[in-house]
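Here is the structure we will look at, set down as C-alpha cells.
What follows is calculated from the coordinates using simple rules that are stated; it is not laboratory data. Note that the coordinates shown come from a computational prediction; the quantities given were computed from them, not determined experimentally. Positions of Cβ are generated from backbone atoms using ideal geometry, with glycine treated the same way; all protein chains shown enter the neighbour counts.
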Amino acid sequence: MPRLPAGMNALALTMLVQSQTNSFASAGSVSAAYMIAAALQAPIVGRFIDQNGPRRVMFPLGVACALALCFVVLAVQLQWPLLAIMIGAFAAGGTFPPVSMTIRAMYRKSSMSDAQKQTAFALEAIVMELAFTLGPLAVSVALLTGHAATAVLGSAALALIGTFLFSQSGAMTRWGTVENGEDVVRHWLGPLKVSAVRRALLLSTMFGTGIGLLEISLPAFAAFVGNTALVGWLFAALSIPSAIAGFVYGTWHITMPLNRQILFCAAWLAAGAALMAATDTFAPYVLMCVLAGLAFGPMITALSLQLGKLTPVEYSTEAFTWSMTVFLIGMGSGFVAGGALIESASGIAGWRASLLASVVLFIAAGLSCLAIPEVRNDGSGAH
C-alpha cells in the first residue's frame, strides 16, 4: 500500500493539470517538480536513516505528503497560478516516504546469500512494478468519474494509511542496526566518495531520463487516438510484462557481470522504444509497449544489485536513496523535455519525437555500462 502512490502520483498530477490547462508542457512541469523534490530529499532522509534508523521518520513523512497532495488539488480546483501548483507538487515530492529504498537497504545489510539477495531484490522490483501497474489503472478508473482530482486524493489517502502500517511493521526491526562503531568513519560525501558508485548513479540518471521521455509519450499517444482514459492500460502494458520478466530474472542467477546484463537491458529498451515510435495505431502500440516492458524489471533489479555490490555497508540506505534521487531527476527531466517536444510538434510527431529521444538516452546508458566496474552476483568484487 505505501508503494502504490509511487505509481500514481506523477501520472495523476499530469492528468489533473492537463485536464485543467489543456497543456502537456504545464502538466509535465508540475510532475517534474514533484519528482525532482522527491529526488532532492531522498539522500537526506537516507543519511538520517543510516545514522538513526527508519522508525522515527516514516509516518511523519506520510502525513506531510498526503497534506501536500491535497493542497495541489485545492490549488488546481481554485485555478491558482501554475507556480503555486508546482510548489504544492514540490512539497509532495519532498516528503515522499522512501519505503522501497529502506527495504532494499534491509536486504543489502542482511546475511542472505547473493542468490537470495537477487531473488529478494527481484521481488521488491516486482512489488514496485505492481505499484506502477495498479497505480496508473487506478488513475484511469478515476478518470472515468470525470474528475482527475479523485486519483490525487486517493493517492494521498494511500500515502497516509500505508506509511502508518509500514511504520508499525516488522520491517522497521529487520532493517538492522546502525553502523556507528569505532571502525566506521563516515565521509561527508557518503557513498558518493566511491567513484564506481558515482558512475553507477550516472547510469541510473540516463535510464531515468529515457524512461521519463518514454512515459510522457503514453498520455500523448492516448490523446492522439482520442481516448485519454486508455493511458492506464498503456502503463499496464509496460508494467505487467516488466513484473513477469523481473520475477523470471530473479530466479536466474546469471554469472555474467552485472554491467553486461544492464547493457543488454539498455539495448532492449532502445529497440522497444524505437518500435513504439514506428506505429501510430493502438493495438500494435500496445504490443510494442509489452515488448519494451520486458526489460524494465530486470534492469531495475540489476541496477540495485550492482549498486549494492559497489557500496560500503554503512552507506546502504543513502546509496539506494541516491539511486532514487538521480533516477527521479532523470525522469523529471525526461517529462519536461518530452512535454516540450510533444507541445512543440504537431500530430503524431510529438509523441514520436519523445520516444526517439528516449532511444538516444537508452543507447547512451548502454555505452555508459562499459565504464562501470564489473561485479557479479556471486560474491566476487569489482575489478
Exercise for review: Mind giving me the nanometre distance, one decimal, between the label points for LEU370 and ASN52, set 7 Å out from Cα along Cα→Cβ?
Suggested key: 4.5
Check your understanding: Per residue of the chain, what 222 nm ellipticity follows from adding -39500 (n - 2.57) for every DSSP H run with n ≥ 4, rounded to the nearest 500?
Key -> -26000 deg cm²/dmol
Check your understanding: Which trypsin sites (Lys or Arg not before Pro) in region 186-250 pass both tests, a DSSP loop state and at most 10 other beta-carbon atoms within 10 Å?
Key -> none
Check your understanding: Tell me, what is the percent relative contact order of the chain, built from C-alpha pairs under 8 Å that lie six or more residues apart?
Key -> 29
**Study point:** Virtual spin-label span in nm between SER169 and SER23, 7 Å along Cα→Cβ
**Key:** 4.0
**Study point:** Where only alpha carbons of the chain are counted, the Rg and the Dmax (Å)
**Key:** 19.6, 63
Practice item. Return one number: the angle in degrees, 0 to 90 and rounded to the nearest 10, between the long axis of the Cα atoms of helix 149-167 and the longest principal axis of the Cα atoms of the chain. Key: 20
Check your understanding: Which one of THR251, GLY212, PRO191 has its Cα pushed farthest toward the positive end of the charge dipole of the chain, where Lys and Arg give +1 and Asp and Glu give -1 at the Cβ?
Key -> PRO191
Point to revise | Rounded Å value of the spacing that divides the Cα centres of region 248-296 and region 317-375 | key: 15
Review point. Can you tell me the Rg and the Dmax, both Å, for the Cα atoms in region 56-125?
Key: 17.5, 54
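Could you order peptides 357-369, 50-62 by the average number of other Cβ atoms within 10 Å of their residues, highest first?
Numbers: 357-369: 22.0, 50-62: 18.4.
Going by the mean number of other Cβ atoms within 10 Å, highest first, we get 357-369, 50-62.
Want the number for ASP114 to ASP280: 0.36 nm per residue separation, take away the alpha-carbon distance, what's left? Don't skip to the answer; put the middle values down first.
Values: separation 166, 0.36 × 166 = 59.76 nm, distance 4.36 nm.
Fully extending the segment from ASP114 to ASP280 adds 55.4 nm.
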**Study point:** Helix axis angle, 349-368 relative to the chain longest principal axis, alpha carbon, degrees
**Key:** 10
Review point. If you count, for each residue, the other Cβ atoms within 10 Å and average over each peptide, how do 5-16, 141-152, 213-224 line up from highest to lowest?
Key: 5-16, 213-224, 141-152
Review point. Roughly how tilted is helix 282-293, in degrees to the nearest 10 and between 0 and 90, from the longest Cα axis of the chain?
Key: 10
